[in-house]
Amino acid sequence: MKRIFQLLMLFCMMSMSLLAQEKKAFTLEDVIPGGSNYYNLVPKNMSGLKWWGDVCIRTDVDDIKTIDKTTGKEAVLVTIDKVNAALKGEMPYKTAALKPLRSLQSAMMPWGEKKVVAFMTRSDEANNSRSYMVWYDFAQDKVTNLFRIDGDGATNFDFCKENGCIAYTCGESLYIAQKGDYSSAVNPVLMDADKTTGIVYGQAVHRNEFGISKGTFWSPKGTYLAFYRMDQSMVTDYPQVNTTTRIATLEADKYPMAGMTSHKVTVGVYDVKSGKTVYLQAGDPTDRYFTNISWSPDEKKIYVIELNRDQNHSQLVRYDAQTGAKEDVLYEEEYAKYVEPLHPLVFLPWDSTKFIYQSARDGYNHLYLMDTKVSVYPELREGKMAGFKYKEYIKTTALTQGDWLVQDIYGFNAAKKEIIIGSTEISPLQTNVFSLNVKNGKRVLIGEKDGMHNVQLSANGMYIIDNFSSNSVARVVSLLPTNGKKGTTLFTATDPLKEQYNLPEISLGTMKAADGTTDLYYRLVKPVNFDPNKKYPAVIYVYGGPHAQMIHNVRFYGARGWDLYMAQLGYVVLTVDSRGSDNRGLAFENCTFRHLGTEEMKDQVLGAKFLQSLPYVNADKIGVHGWSFGGFMTTNLMLTYSDIFKVGVAGGPVIDWQFYEIMYGERYMDTPQSNPEGYKEANLRNKAGNLKGRLEVIIGGEDPTCVPQHSYSFLRACINAGTHPDFFVYPEAGHNMVGKDRVHLHEHITRYFEEHLKYLYSINI
């Protein structure tokens with residue numbers, strides 16, 4: 001019997017081995033975005049899902065369908081043939097012929113109470129094609145509104161469903177279009193000779209820090225448009241060079257470096273009916289940040305979170321929208337390190353006197369209910385974080401608490417007085433969705449406990465479209481009630497890469513940080529067809545900086561295609577989310593304050609020592625690779641711990657933090673003037689003589705984030721020190737490579753490790 005059992009086990013093992021052998025090997029074209037076969041091998045998605053009020057719809061190429069929430073059945077609502085026929089018919093006013101639509105996938109249905117489809121198209125003019133916003137009423141089967149978007153290169157579109165207007169920018173100017181062949185300019189119209197004033201209207205400011213992603217903010221009823229006005233005339237021009245012209249040309253980029261002069265921002269309020277603008281009377285904008293603009297439900301007030309240049313003191317300020325007058329400070333925070341307002345306040349839809357404010361004053365980002373009708377004495381109070389202080393000028397109640405953080409507010413279920421939120425309550429490696437009862441604080445989980453959830457909330461807040469995935473689930477798209485009960489599955493995907501290709505084993509684990517107490521998550525990728533008796537080279541893929549997390553409960557636990565590819569070539573690949581990274585609370589992140597790279601490196605070195613402890617890792621062949629902050633970490637590790645790291649590839653690295661922009665750089669490092677020792681410690685030019693292994697630096701030739709000066713200055717320092725890094729440039733590329741360049745990039749990185757790490761001779765180390 002024992003013999004039979006052994007034979008059965010042997011047969012099973014042989015069968016599994018044969019199955020593995022039948023699966024294919026993959027290439028970079030298969031696993032890198034931009035690769036020729038990449039999009040055929042990622043889990044499919046159910047695209048075009050959105051809400052038409054409380055009706056779930058799917059915008060597809062040929063039609064728009066409604067989806068029944070209980071059965072998942074689809075019914076055609078609008079067809080592209082009907083839309084294109086209407087485009088050939090009678091128009092609200094005389095205009096050039098319009099091009100027919102090729103797809104309805106990008107169409108909007110902004111009004112749940114109206115049978116109107118809104119979309120963009122262009123005029124059918126050979127030499128003077130213009131963009132148009134079109135409203136097609138499918139109840140009347142005709143175009144009911146049409147307006148032209150002036151100027152080529154229009155962007156930053158901000159549609160207001162309450163008034164039907166669309167705000168947009170073209171060049172440095174801000175416009176509003178509603179109907180007809182014209183747009184209203186919000187800012188003074190400049191003559192051609194004056195268009196280089198350095199003043200920009202309606203665009204994101206402060207280099208998109210502080211959660212800022214746009215520059216226009218419609219009032220709730222569409223009466224007004226608040227907008228940013230940014231004067232960057234005083235900011236030094238950084239000389240980016242375009243080498244595609246016959247003689248290379250200068251393309252200056254306004255780039256305020258740490259410790260230097262920053263731009264000045266003011267907030268305007270444009271009255272759509274009168275065409276007049278008032279500016280908030282916030283005082284001198286020098287060395288200040290204006291973030292997270294919000295409107296009161298009655299449109300009478302504007303709320304702005306204002307931050308000093310040191311980024312250690314914020315105030316929530318209320319302004320009169322009609323006059324711009326400053327009224328009150330409602331809340332303020334100060335912290336010895338930094339405060340970081342990332343979210344605008346949100347009023348309760350059932351009570352216009354109360355709003356939700358987000359703060360990390362207790363160490364994690366949580367929700368606080370503030371009552372504008374109840375004033376309190378602004379006593380200076382201590383937060384749970386040492387050195388964190390705050391003042392409340394109005395009654396404030398904590399809605400969430402605990403060692404986890406709220407990541408997002410998706411909206412409200414007004415009927416039940418609930419907020420729908422995303423949080424890390426279950427795990428810092430996940431985003432789960434909950435309904436939160438404002439009155440009693442009770443939270444109800446919506447959807448699966450496992451994985452990451454991306455959601456869209458219906459207008460009444462009673463349903464979500466849930467796009468869910470995890471390491472074990474390729475993708476499931478569902479319609480779920482927000483009461484936590486079971487919903488309707490619309491789509492289930494498989495993973496073609498997992499089904500067809502021979503993949504490595506990927507595991508998660510934890511290790512102690514260098515402080516001896518903090519748990520760090522790591523992801524370990526073993527070589528394909530792993531043999532525990534072999535000795536493999538290893539590479540650490542590193543980022544390590546703020547607001548980034550490399551490990552999530554998603555496909556392959558967040559491992560990139562390049563990680564898989566290196567495993568196929570016989571490498572062990574490790575990633576550690578060191579202290580300083582995201583979703584672990586304020587103390588975890590800001591332990592790196594004023595000395596970026598120091599604590600993060602200590603944790604990454606522990607990761608390297610963990611690799612060296614594994615019996616199947618060649619302890620003398622440890623490499624490191626990272627991009628941006630990860631490029632800084634890679635270079636630093638190669639120069640500081642050359643006894644451990646033998647080969648590195650640093651992409652788009654920060655070399656000297658005084659070359660980095662003000663908003664990010666000064667938050668985490670203070671200014672070079674106030675923290676000279678910290679800047680000196682993190683300046684990698686000072687370590688250029690320590691290079692012993694093989695290091696390649698790769699940059700985009702016009703990188704607007706980590707400007708080329710970083711890497712050029714490092715090369716000069718290495719030349720002066722007599723060391724020899726390698727260098728590669730992607731001409732005209734920015735901070736990241738895309739398309740075919742991205743495939744080429746990862747082939748280039750791979751070659752470097754193959755040539756210098758896998759086949760490393762002892763003489764080189």
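Quick notes on this structure:
- Counted residues, region 241-263 - those being over 25 Å from the mean Cα position of the chain (by Cα) and over 17 Å from PRO672 (Cα atoms): 12
- Among (1) crowded, with 17+ Cβ neighbours inside 10 Å; (2) on the phi < 0 side of the Ramachandran plot - the single one GLU22 does not satisfy: (1)
- Any chance GLY283 is under 30 Å from SER359 (Cβ atoms), assigned to a loop (DSSP other than H, G, I, E, B) and out of contact with any His (no Cβ under 7 Å at 6 or more places or on another chain): yes
- For region 609-628, the tally of residues that are within 30 Å of the chain's Cα centre (by Cα) and either of a type in the set (A, V, I, L, M, F, W, C) or assigned to a helix (DSSP H, G or I) (or both) stands at 2.
- Residue check, ALA177 closer than 28 Å to GLY112 by Cα, surrounded by fewer than 18 Cβ atoms within 10 Å (Cβ to Cβ) and not acidic (Asp, Glu): no
- Residues considered: LYS621, LYS609. Of these, the only one that is of a type outside the set (Ser, Thr, Tyr) and in contact with a Leu (Cβ under 6 Å, 6 or more places away or on another chain) is LYS621.
- Filtered residues of region 647-695 (kept if in contact with a Phe, Trp or Tyr (Cβ under 8 Å, 6 or more places away or on another chain), over 21 Å from ARG579 (Cα atoms), among the basic types (Lys, Arg) and not in a strand (DSSP E or B)): ARG685
- Check on GLU113, of a type in the set (Asp, Glu), more than 21 Å from ALA459 (Cβ to Cβ), exposed (fewer than 13 other Cβ atoms within 10 Å of the Cβ) and out of contact with any His (no Cβ under 8 Å at 6 or more places or on another chain): no
- Residue match in region 660-677 (condition: closer than 30 Å to ASP287 by Cβ, touching a residue at least 24 places away in the same chain (Cβ under 8 Å) and basic (Lys, Arg)): yes
- Close pairs from region 169-186: first on the phi > 0 side of the Ramachandran plot, partner crowded, with 16+ Cβ neighbours inside 10 Å and of a type outside the set (Gly, Ala, Ser), Cβ under 6 Å, at least 6 apart: GLY180/PHE147
- Hits in region 629-663 (condition: among the polar types (S, T, N, Q), within 25 Å of the chain's Cα centre (by Cα) and either surrounded by fewer than 24 Cβ atoms within 10 Å (Cβ to Cβ) or farther than 15 Å from GLN604 by Cα (or both)): GLN658
- Among the residues of region 233-270, just one is out of contact with any Phe, Trp or Tyr (no Cβ under 7 Å at 6 or more places or on another chain), among the hydroxyl-bearing types (Ser, Thr, Tyr) and not in a loop (DSSP other than H, G, I, E, B), namely THR249.
- Subset tally (residues that are out of contact with any Gly (no Cβ under 9 Å at 6 or more places or on another chain) and aromatic (Phe, Trp, Tyr)) for region 27-67: 1
- Consider region 571-592 and keep the residues that are under 16 Å from ASP515 (Cα atoms) and more than 21 Å from the chain's Cα centre (by Cα). The one that is surrounded by the fewest Cβ atoms within 10 Å (Cβ to Cβ) is ALA587.
- Residues in region 95-143 that are closer than 17 Å to CYS160 by Cβ and either touching a residue at least 60 places away in the same chain (Cβ under 8 Å) or among the polar types (S, T, N, Q) (or both): GLY112, GLU113.
- When region 44-102 is limited to residues that are of a type in the set (Asp, Glu) and within 22 Å of SER123 (Cβ to Cβ), the one that is nearest to the chain's Cα centre (by Cα) turns out to be ASP81.
- Taking region 469-552 as the region of interest, the strands (runs of 3 or more DSSP E) fully inside it that hold 1 or more residues being in contact with a His (Cβ under 8 Å, 6 or more places away or on another chain) are 536-541.
- Members of region 553-598 that are under 19 Å from MET385 (Cα atoms), in contact (Cβ under 8 Å) with a residue 60 or more places away in the chain and outside any loop (DSSP other than H, G, I, E, B): LEU586, ALA587, PHE588, ASN590
- For region 700-731, filtered to residues that are outside any loop (DSSP other than H, G, I, E, B) and of a type in the set (Gly, Ala, Ser), the residue that is farthest from the chain's Cα centre (by Cα) is ALA721.
- Test set (1) part of a strand (DSSP E or B); (2) among the acidic types (Asp, Glu); (3) surrounded by fewer than 19 Cβ atoms within 10 Å (Cβ to Cβ) - ASP466 fails condition number: (3)
- So ILE622, is it buried (at least 23 other Cβ atoms within 10 Å of the Cβ) and of a type in the set (Val, Ile, Thr): yes
- Of the strands (runs of 3 or more DSSP E) lying entirely inside region 119-232, the ones with 1 or more residues being of a type in the set (A, V, I, L, M) and touching a strand residue (DSSP E or B) at 6+ places or on another chain (Cβ under 9 Å) are found at 131-137, 142-149, 166-170, 173-177, 199-201, 224-231.
Here is a yes/no grid of residues against (1) free of Cβ contacts under 8 Å to residues at least 40 places away in the same chain; (2) hydrophobic (A, V, I, L, M, F, W, C); (3) closer than 15 Å to VAL707 by Cβ; (4) loosely packed, with under 13 Cβ neighbours inside 10 Å:
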site: ASP237; (1), (2), (3), (4): yes, no, yes, no
site: ASN242; (1), (2), (3), (4): no, no, yes, no
site: ILE247; (1), (2), (3), (4): yes, yes, no, yes
site: LEU250; (1), (2), (3), (4): yes, yes, yes, yes
site: PRO256; (1), (2), (3), (4): no, no, yes, no
site: THR261; (1), (2), (3), (4): yes, no, no, no
site: LYS264; (1), (2), (3), (4): yes, no, no, no
site: VAL272; (1), (2), (3), (4): no, yes, no, no
site: LEU280; (1), (2), (3), (4): no, yes, no, no
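The rows are residues; the columns are (1) of a type in the set (A, V, I, L, M); (2) within 26 Å of LEU101 (Cβ to Cβ).
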{"position": "ILE32", "(1), (2)": "yes, no"}
{"position": "ASN37", "(1), (2)": "no, no"}
{"position": "VAL42", "(1), (2)": "yes, no"}
{"position": "GLY53", "(1), (2)": "no, yes"}
{"position": "LYS65", "(1), (2)": "no, yes"}
{"position": "THR70", "(1), (2)": "no, no"}
{"position": "VAL76", "(1), (2)": "yes, yes"}
{"position": "ILE80", "(1), (2)": "yes, yes"}
{"position": "ALA85", "(1), (2)": "yes, yes"}
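- Some residue of region 440-455 being more than 30 Å from SER581 (Cα to Cα), touching a residue at least 60 places away in the same chain (Cβ under 8 Å), of a type in the set (A, V, I, L, M, F, W, C) and in a strand (DSSP E or B): no
- Of the residues making up region 697-732, those that are closer than 20 Å to TYR660 by Cα, in contact with a helix residue (DSSP H, G or I) (Cβ under 8 Å, 6 or more places away or on another chain) and aliphatic (A, V, I, L, M) are VAL697, ILE698, ILE699, VAL707, ALA717.
- Residue that is more than 26 Å from GLY607 (Cα to Cα) and modelled with pLDDT under 95, where the choices are GLU666, GLU732: GLU732
The values are calculated or read from the model by the stated rules, or taken from the named source; none is laboratory data. Since we're looking at a predicted model, the values are computed, not measured. Positions of Cβ are backbone-derived with ideal geometry, glycine not excepted, and every protein chain shown enters the neighbour counts.
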